[in-house]
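The values are calculated or read from the model by the stated rules, or taken from the named source; none is laboratory data. Predicted model only: the values in this text are computed from it and were never measured. For neighbour counting, all protein chains shown are included, and Cβ atoms are generated from backbone atoms with ideal geometry for every residue, glycine included.
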Amino acid sequence: MIPLTYYLILAAGLFSVGLYGALSKRNAILILMSIELMLNAANINLVAFSSYVSPETLKGQAFAIFVMVIAAAEVGLGLALILLLFRQRRTVEVDQFNLLRG
Amino acid sequence: MPELSVNLAVFFLLAVVTIVSALMFVSRKNIVHSVLWFLLTMLSVAGTFFLLGAPFLAAAQILVYAGAITVLFLFVVMLTMTRIPEVRVFGSTQVNGPLAATFLLLFLLVTVVGVTETWSAVAKNGAGETTLTAALGLVLFQDFLLPFELAAFVLLVALIAALFLALGETLK
């Protein structure tokens, strides 16, 4: 049986890559995709704990389904907002949205 | 014992594919290439779910992430006509802030996980005589009925909001 820590380290690595993408990208679409990577890493953690700690209740998998639902809703709305921003400013580079800067 | 090593080999293959495609995703200059590597990452995470004994979640991952969300991203990439080359990952000589923060986080996570290795593998008695998907359905509709209905409501609200945001001009 694969040790639980292997899955946790995989999720940690995936989360870190997603975090790096969310911090360093200028394109808003890439930032959204990196956030999705982080959510997937959290899902791997949830399902791994569910199947190793309490495999008979499947609560981690149900939680992961709700995370997936919220992530899908967030992506839909985020992309709609990005499209609106593009219509206003003809760009999706987050550096260009600095109207609130003092 | 042979079953043990096959599982381990499959896990390492999936883990390598996941991490490598995630790294390729953040390092490509062409955004369409990034989206394709993102798709491969989602598929390998689905494979990880299969390995963890969550077949329904793996299928949902393929349907939702690798199917709908990737296509959504591709459409938006097309509609925003992105041409901007992205930041080079391993090219700058200055201290790369996000890179340093990421490595620090990764180091902390791996340290915590490796040091507190006291998780014990509970004897897998399974979830009863029903299949795993049926058991998950029972959990969703008995223990998590309220969150389930609220999640459906959230999806409805997100759908209406996204439609209104995207079509707001033409609806007036």
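Given the criterion at pLDDT 75 or above and under 24 Å from the mean Cα position of the chain (by Cα), identify the matching residue among B:F153, B:F107.
Numbers: B:F107 fails: at pLDDT 75 or above.
Only one candidate passes the filter, namely B:F153.
Quick check, is B:E169 at pLDDT below 75 and among the acidic types (D, E)? Full working, then the answer.
Numbers: at pLDDT below 75: yes; among the acidic types (D, E): yes.
So B:E169 fits the description; yes.
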Restricting to the stretch A:75-102, name every residue that is within 8 Å of chain B (Cβ to nearest Cβ) and either in contact (Cβ under 8 Å) with a residue 24 or more places away in the chain or within 19 Å of the chain's Cα centre (by Cα) (or both). A:V75, A:G76, A:L77, A:L79, A:A80, A:L81, A:I82, A:V92, A:E93
Which one is farthest from the other protein chains (Cβ to nearest Cβ), of the residues in the stretch A:54-69 that are under 30 Å from B:R28 (Cβ atoms) and surrounded by fewer than 23 Cβ atoms within 10 Å (Cβ to Cβ)? A:V67
Assuming A:S51 fulfils every condition listed in (1) assigned to a helix (DSSP H, G or I); (2) surrounded by fewer than 22 Cβ atoms within 10 Å (Cβ to Cβ) apart from one, which condition is it? (2)
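Against the condition of a type in the set (F, W, Y) and without any contact (Cβ under 8 Å) to a residue 40 or more places away in the chain, how does A:F66 come out, does it pass?
Numbers: of a type in the set (F, W, Y): yes; without any contact (Cβ under 8 Å) to a residue 40 or more places away in the chain: yes.
So A:F66 passes the test.
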